[in-house]
Amino acid sequence: MSRKKKNEEYQEQEVKVKESKNDEDAIKSQDNSSQNTDGQEVNENINEADQTAQMEQDAQKVQEEILNLKDQLLRKQAEFENFRKRIFKEKEDAIKYSNQMLLLDLTSVIDDFERAMKSADESKDFDTFHKGVVMIEKQLVSLLEKNWGLKRFDSTGEVFDPEKHQAIAVEESTEHDTATVLEDYQKGYYYNDRILRPAKVKIAQPTSNASNFNNNNNDNNNNKEN
């Protein structure tokens, strides 16, 4: 075999070896690429799974918090409703039993009347009975004034005041310059600082003003009745 031919065969073998090596490198490269891709996909899947698990966990926490807030709201509503009912009941009782202490005070006066009547039945002594009734009346007036602000007032000799006096009789007088109360027919009462009931009185009216006073007084009486 000639040297030239041997060189050609040798070159062909080198080419084949190179091609074979290139093929192997290409295959390895493909394998590595495939492994990298698979690894990346696995990592991505793991990340997605972690994110999904975290989102589910966060959603569960939010749901638990919502349930907790709903429970607190229901409890507060129940507490408020109980509070409202209790306040309403206390207000109702306050109105219903507002006069309880007054009535309790009056029971002692009733007891005194019963004792006075029993004593009068036994003794048949009118003077003693009368004194007892007068004493009980003073006790009652004092009790109502001290404990309840109810004060009786006398009007005799006062200048006529349409706010506290109701004139039911008028007498012309030359001895008075202004309308003046001559007599109390029915005493008036204050309730604290307010007129509870005006006194029914007889008035001494200067002669020159008597007719005008009668007309004005009738108008005042009509207004009070209305």
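For VAL170, the residues whose amide H sits under 5 Å from its own are ILE203, ignoring neighbours fewer than 5 places away on the same chain, with H placed 1.01 Å from N.
Each residue, LYS118 and PHE83, gets one label point 7 Å from its Cα in the Cβ direction; the gap between the two is 5.3 nm.
Computed over the Cα atoms of the range 85-148, what is the ratio Rg over Rh, Rh following Kirkwood? Intermediate values should be presented prior to the final figure.
Details: Rg = 17.3 Å, Rh = 13.8 Å.
My calculation of the ratio gives 1.25.
When averaged across all projection directions, what area in nm² does the alpha-carbon convex hull of the range 70-116 cover? With every direction weighted equally, the projected area is 3.7 nm². The label point for THR128 and the one for ARG152, both projected 7 Å from the Cα toward the Cβ, are 2.5 nm apart. Taking label points 7 Å from Cα along the Cα-to-Cβ direction, VAL159 and LEU74 give a separation of 7.4 nm.
Looking at the range 118-216, the GluC sites (Glu not before Pro) that sit in a DSSP loop and have at most 16 other Cβ atoms within 10 Å of their own Cβ are GLU158, GLU163, GLU175.
Each value in this text was obtained by applying a stated rule to the coordinates, not by laboratory testing. What you are looking at is a predicted structure, and each value in this text was computed from that prediction instead of being measured. Don't worry about glycine lacking a Cβ; one is built from the backbone with ideal geometry, like all the others, and counts go over all protein chains shown.
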